[in-house]
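First up is the structure itself, then whatever we jot down about it.
The values are calculated or read from the model by the stated rules, or taken from the named source; none is laboratory data. Values in this document were obtained by computation on a predicted structure and should not be read as measured data. Here Cβ is always computed from backbone atoms with ideal geometry, including for glycine, and neighbour counts include all displayed protein chains. Just the protein is used for accessible areas: all its heavy atoms, side chains included, with ligands, DNA and RNA removed. Shrake-Rupley method; radii C 1.70, N 1.55, O 1.52, S 1.80 Å.
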Amino acid sequence: MEPRGPFRAALVGPLLLLLLPLLLPQSGPAVSAQSAAAACSESTNRSCNDCLKNVSCFWCYTNNACLDYPVRKILPPSSLCPLKSARWGVCWVNFEALIIAMSVVGGILLLAITVCCCCCCRKRKNQRSDKEEERAAREREERKVRQEERRAEMKSRHEEIRKKYGLFKEQNPYARFENN
C-alpha cells in the first residue's frame, strides 16, 4: 500500500532535501572553501579569538597564523602546525590536550558500557539460574511423589500376591506360638 496525500508529501520533502546536494553542481562547495580559506588568511597576525570565530579555521601559535582546517585529515599535519601549538574551537585547549582528554573520556565511556553490559548479563544469568533451580526443585518433587506412588503401588501388589498364595505377614510372628 502506497502512502497518499499529505503523508506522501511528508515523506518526499525530506527525501528531496537529502538528494538536493547530489543534484546541485559541484562548483558551490569549492567556491565556499576558497572563501573560507580567504577568511582564515585574513585573520593571520590578529588574535586567536578572531581566527576561531570561523569554525573552518584553526590557529597556530608558532607563527601566529590563522589557517584553513584540513578537512580531509582528522588532525592538522605537523608540517602545517605542531599539535601542541594548534588551537581549534577555543584558544585555551591545544590539540594534544584535546586528543588526550578525548581518549580518556572515550576510554571511560567504553569501560562504563562494558561494566554495565557485564552487570546486566550477570543479572540475567542469575535470574535464569534461579528459574532453573526452581524448575529442578519442582521436577525433583514430582519425581519424589511419583516414586512414592510407585512404592505404594508395589506394596499393594505384593500384598495381593501374598493374599492369593496365603503368605500373609503376621503382625507378630511369635503370636501363633503363644495362643496354644
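Could you tell me whether segment 36-81 comes out rounded, prolate or oblate from its Cα gyration tensor? Rule is a ≥ b ≥ c as square roots of the eigenvalues, rounded for a/c under 1.5, then prolate if a/b exceeds b/c, otherwise oblate. Oblate, because a/c is 1.5 or more while a/b does not exceed b/c. Among residues other than S47 with Cβ under 14 Å from its Cβ, the summed charge is +1 (Lys and Arg +1, Asp and Glu -1). Ranking D130, D50 from most to least accessible surface, computed with a 1.4 Å probe over the protein chains only, gives D130, D50.
The gain in end-to-end length when the E96 to E132 segment is fully stretched comes to 7.6 nm, 0.36 nm per residue minus the alpha carbon separation.
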